[in-house]
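What follows is a set of notes on a single structure, which appears directly below.
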Amino acid sequence: MNTALDQADSALSAAQQLIEAGQLAEALPQLETAIAGFEGAGESYGLMIALKVASETNRDLGHLETALEQVKRAHGVLIDTKPDAEQVADFASEVGSVYAQMGQLVASRIWYVQGLYGYEGSGRTLDTAHNLTCIAGLDRAEGAEDKAQEMLAAAYDLYEAEQKVDQMIQIRLSMAQGLVAQGNTETALLYLTQAHHSAEELGEQELLGTIHQQLALVQAQLGNTDQAGEHLIQAKKFFATVGLWEDASFADELLFSLQKSQESGW
């Protein structure tokens with residue numbers, strides 16, 4: 001006869017199979033059975049896994065309050081079981097992420113910073129950079145662009161130390177967007193040019209499209225409409241090359257708008 005623990009294991013396995021098949025809502029009852037079973041059996045590891053999977057599933061379904069409660073429970077179970085585990089920072093960061101999705105920026109920052117300290121303490125450079133980027137996003141949402149730039153610059157340095165060129169490009173793009181919003185087009189242009197060179201070396205077509213589109217916006221803001229148009233043509237080409245038709249269409253719309261502005265004497 002199956003024990004409660006066996007039943008919990010079976011329920012978790014069944015839930016994971018349903019999730020793999022895309023049947024998220026159908027997996028929830030099995031996950032609740034697994035959570036109750038592991039908790040009743042005093043199996044902390046199984047309980048953490050079940051709570052984590054349930055939180056991710058509910059988040060995908062848009063049940064953010066439930067997802068938040070479950071990931072916070074998982075974090076608490078791990079703290080009680082093994083407070084020095086590296087995964088404590090992962091759970092804290094996940095809580096921060098859910099809070100951010102809910103628009104609760106203050107709570108999100110508190111949890112992201114907890115995760116940041118955990119990553120820094122265990123020397124997890126890439127995860128540290130990730131949390132710095134997330135905190136920068138919170139700063140930006142609160143209108144503190146200077147702080148956001150500081151966080152992004154720190155993240156960039158960490159990615160550079162690890163030679164993560166893709167992430168370096170993404171950070172430069174984000175920094176440039178914030179600088180353009182502040183009117184600092186000169187530095188934004190420098191960052192976008194750096195990103196463009198790196199993306200060319202990698203042959204990243206999608207990134208090149210995004211960079212050309214951003215370059216177009218900066219050049220337009222500087223009044224260089226011919227250069228802006230050239231960048232939009234390039235953006236459209238790169239997006240089309242990788243089948244990003246909506247992005248290509250948007251670049252085309254921007255180009256049309258730019259041309260109309262030129263005709264009206266902009």
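What to note about this one:
- Being open to solvent by 80 Å² or more (accessible area, probe 1.4 Å), at pLDDT below 95 and farther than 27 Å from residue 132 by Cβ is a property that holds for residue 39.
- Test result for residue 55, of a type in the set (Ser, Thr, Tyr), open to solvent by 10 Å² or more (accessible area, probe 1.4 Å) and within 29 Å of residue 125 (Cβ to Cβ): no
- So residue 19, is it of a type in the set (A, V, I, L, M, F, W, C), open to solvent by less than 60 Å² (accessible area, probe 1.4 Å) and under 29 Å from the mean Cα position of the chain (by Cα): yes
- Residue that is most open to solvent (accessible area, probe 1.4 Å) [pool: residues in the stretch 250-266 that are among the small types (Gly, Ala, Ser) and in a helix (DSSP H, G or I)]: 257
- Only one entry in 94, 162, 142 is at negative phi and crowded, with 19+ Cβ neighbours inside 10 Å, namely 94.
- Residue 101 vs. criteria within 30 Å of residue 5 (Cα to Cα) and polar (S, T, N, Q): no
- Search result, residues across the stretch 2-16 that are surrounded by fewer than 19 Cβ atoms within 10 Å (Cβ to Cβ) and either within 31 Å of the chain's Cα centre (by Cα) or hydroxyl-bearing (Ser, Thr, Tyr) (or both): 3, 10, 13, 14, 16
- The stretch 62-109, residues that are among the acidic types (Asp, Glu) and more than 22 Å from residue 135 (Cβ to Cβ): 65, 69, 80, 84
- Residue in the stretch 145-159 that is more than 28 Å from residue 87 (Cβ to Cβ), open to solvent by 10 Å² or more (accessible area, probe 1.4 Å), part of a loop (DSSP other than H, G, I, E, B) and hydrophobic (A, V, I, L, M, F, W, C) present: no
- Long-range neighbours under 7 Å by Cβ, at least six apart or interchain, first residue without any contact (Cβ under 8 Å) to a residue 12 or more places away in the chain within the stretch 146-174, second of a type outside the set (D, E, K, R) and buried (at least 20 other Cβ atoms within 10 Å of the Cβ): 160/168
- Among the residues of the stretch 112-126, those that are open to solvent by 50 Å² or more (accessible area, probe 1.4 Å) and assigned to a helix (DSSP H, G or I) comprise 114, 117, 120, 121, 126.
- Residue 45, sole failed condition from (1) open to solvent by less than 60 Å² (accessible area, probe 1.4 Å); (2) part of a helix (DSSP H, G or I); (3) of a type outside the set (Lys, Arg); (4) within 25 Å of residue 118 (Cβ to Cβ): (1)
- Matching residues, the stretch 48-65, being of a type in the set (A, V, I, L, M) and part of a helix (DSSP H, G or I): 48, 49, 50, 51, 53, 54, 64
- Total residues in the stretch 211-266, condition hydroxyl-bearing (Ser, Thr, Tyr) and touching a Leu at 6+ places or on another chain (Cβ under 7 Å): 1
- Scanning the stretch 70-91 for residues that are assigned to a helix (DSSP H, G or I) and surrounded by fewer than 16 Cβ atoms within 10 Å (Cβ to Cβ) yields 76, 79, 80, 81, 87.
The values are calculated or read from the model by the stated rules, or taken from the named source; none is laboratory data. Quick caveat, the model's predicted, so the values are computed rather than measured. Because the Cβ atoms are built from the backbone with ideal geometry, glycine has one as well, and the counts that use them run over all protein chains shown. To get the accessible areas, we keep the full protein, side chains included, count just its heavy atoms, and leave off ligands, DNA and RNA. Shrake-Rupley method; radii C 1.70, N 1.55, O 1.52, S 1.80 Å.
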